[in-house]
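Following: one structure in structure tokens, then a few remarks.
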Amino acid sequence: MAEKGFKRKLTAIFSADVEGYSRLMGDDEEATVRTITAYREVLTTLIQQHNGTVIDSPGDNLLAEFVSVVDAVQCAVAVQKEIKARNDQLPGNKRMQFRIGINLGDVIQEDERIYGDGVNIAARLEGLAEPGGICISKTAFDQIESKLPYGYEFLGDKTVKNIAKPVGAYRVLMEPRVTVAGEPEKEKRSPVRRMPILVGAIAVLVLTVVVGIGYFFMRSTQPPIETASVEKMAFPLPYKPSIAVLPFVNMSGDSEQEYFSDGMTEDLITDLSKISGLFVIGRNSTFTYKGKPVKIRQVAEELGVRYVLEGSVRKAENIVRINAQLIDATTGGHLWAERYDEQIDHIFSLQGKITQKIVEALAVKLTIDEKEAIPKKETDNLEAYLTFLKGWQHYRRFNPDAFSEAIPLFEKAIELDPNYWRAYAALAKIYLEVYQRPEWFPIMGLTRIEVFGRMAIYLNTAMKNPTPLAHEVSAEMHTERADFEAAIAEAERAVSLDSNDPDSHFAMGYALVFAGRHREAVHSFKRAMRLDPFYQDTFGYGLGMAYFFMSQFEKAANLCKRAFKSNPENANPLWFLPAAYAHLGRQREAEAAFSKLREMEPVYSYLRYLEYAFKFKDPADFKLLADGLRKAGMD
């Protein structure tokens, strides 16, 4: 009978440690601790992505378990490739290499810990592995021999410490190669049997040479890709695979088809950003490169990503041709490239194929929900989808005239498909943006009551099948109504549906600021800015607002000044810039900024001022703003 509190199970055990850790600590303790901390997070993230669980991580060791040996070995290969890529950016004496051992064995589990020979064997196999290598037991090898595209080298039966019987050990070669299992059995073969093999080998050789020559000439016509330097990147590389999707080039020869190529790009960004194992840059930043002759290296270094996707779209009548390629900017290598020619009514499945190929190329593990989400379509009505894309192109111009053109297109999309929830959410978003800018009411021929009413109607309909956009709009609407708990809850739902959506993180920060939770707001705004680094006028203003209420006026002034400079048509930063200058005693700059504010909002300044007074949960926050504005010139 099993002892109380213990249970036995069969599991795949993953054991890793750092080769030469003591030497590294002796050379430079601080640098070694920083590196091991960063690399441990890399291992933890990849283990979780491959359905594993970290059991313990003392010092330079890490112990994890997997239900599947396949997952354990795939994770180990991903770990060693990622660590190698990072080490290549470090001086030789600073590089940190891991050895990994994997065993399939019986263990005892007590609470969250595991014990037994199964664990000990994994640790001994780790010691047999080369630096940067993987060593697995025969029990593990038997499970994966024909399931994974790697080669294996049999090292023999090894006698290891504290294990009674020798352990069969294999080295994982990490590239598609023939498994070497020992001396092959000698067999006399007749010339008759060898002749077809020889002919076949010659044919394969000729084909390989022909393909190789063709590939050489094809590649020789393309300029080499300059590799990006991790050290020169504007931001540290995230611990999960990071990607920027450049705007797909419209090859249709018709500028009116831009809406389609831009829409394809945005939908790919949206699909990828819903995958928790990826870090995806927002569209506002990647679209700054649209129409410009940029280099992959430049994109990677400016946005702080390792991978870049680029491509083109040609739409002619009912046929769509898409070319796409995924590039590792740190090596210049092409991870995946493909060309698709499809009927336009297959566009939804085509988007799913491209997303799936990128996920496979980056070896990202999908959750069950993510696997189901990739092939999902927002609408079955192609005309509704194309109409929506046209409306979205107008919306992205972000001014009242463009909104007036977008609204009837979104309404038409809903007419074509009454269950097109994203179109309802887009309409709610438009009316929310107008509601927050009363100076636009006369331009659009609307009253405040009409704007709020339409926003509420479309949002309520969108929430029947909520999307990240719907939750984001709902969060901001609740903030406008000073219902901060509801706003924060809605923002949390938006982020849970799409953790890479910068607008959802901004909605969270916006709610947290007015709720008086300024430090948490700083985190949300910084997250939004990292996901969309070039979108300064909104996210930078939000962060500046949070710092203002933390009385960090220098940071607030710098951020609001930069936000206004990036978009001089957005007056929001000017509400906090003059107040921050005033609190810093920079009166002349405060008065100039306040004068600009009143010039841009001559009628609605006091209305906005009263709205702020209504929103703030903490009266001290409003008093801080009020005092600053009075010092800046408000009478």
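The values are calculated or read from the model by the stated rules, or taken from the named source; none is laboratory data. Just so it is clear, the structure is predicted and the values come from calculations on it, not from any experiment. Please note: Cβ atoms are built from the backbone with ideal geometry, for glycine as well, and neighbour counts cover all protein chains shown.
Some points to look at:
- Residues that are touching a residue at least 12 places away in the same chain (Cβ under 8 Å) and assigned to a helix (DSSP H, G or I) do not occur anywhere in region 52-67.
- P400 being more than 28 Å from the chain's Cα centre (by Cα) and touching a residue at least 12 places away in the same chain (Cβ under 8 Å): yes
- Restricting the first member to region 527-554 and to residues that are farther than 20 Å from G585 by Cβ and touching a residue at least 60 places away in the same chain (Cβ under 8 Å), and the second to residues that are β-branched (V, I, T) and surrounded by fewer than 20 Cβ atoms within 10 Å (Cβ to Cβ), the beta-carbon pairs closer than 7 Å and six or more apart or on different chains are F534/T288.
- The residues on offer are E569, E589, and the sole one that is in the same structural domain as L624 (by TED's automatic domain parsing), of a type in the set (D, E) and in contact with a helix residue (DSSP H, G or I) (Cβ under 8 Å, 6 or more places away or on another chain) is E589.
- When restricted to residues that are among the aromatic types (F, W, Y) and free of Cβ contacts under 8 Å to residues at least 24 places away in the same chain, region 241-297 contains 0.
- Test: residue in region 358-375 that is more than 30 Å from I83 (Cα to Cα) and surrounded by 16 or more Cβ atoms within 10 Å (Cβ to Cβ): yes
- In region 83-176, counting only strands (runs of 3 or more DSSP E) that sit wholly within it, the ones holding 3 or more residues that are in contact (Cβ under 8 Å) with a residue 40 or more places away in the chain and in contact with a Ser or Thr (Cβ under 7 Å, 6 or more places away or on another chain) span 98-110.
- Helices (runs of 4 or more DSSP H) wholly inside region 533-635 containing at least 3 residues that are modelled with pLDDT under 90: 536-549, 553-566, 587-600, 605-615, 619-632
- Checking every residue in region 88-108 against the condition of being of a type in the set (K, R), under 23 Å from the mean Cα position of the chain (by Cα) and assigned by TED's automatic domain parsing to the domain that holds L46 gives zero matches.
- Pair list, Cβ under 7 Å, 6 or more apart: region 437-458 residue touching a residue at least 40 places away in the same chain (Cβ under 8 Å), other residue in a helix (DSSP H, G or I) and among the small types (G, A, S): M444/S404
- D267 vs. criteria in a helix (DSSP H, G or I), under 26 Å from E82 (Cβ atoms) and of a type in the set (D, E): no
- Beta carbons closer than 8 Å, at least 6 apart along the sequence or on distinct chains, pair a first residue in region 26-42 that is in the same structural domain as K84 (by TED's automatic domain parsing) and in a helix (DSSP H, G or I) with a second that is hydroxyl-bearing (S, T, Y) and surrounded by 12 or more Cβ atoms within 10 Å (Cβ to Cβ) for T32/Y21; I36/Y21; A38/Y239; R40/S57; E41/Y239; V42/Y239.
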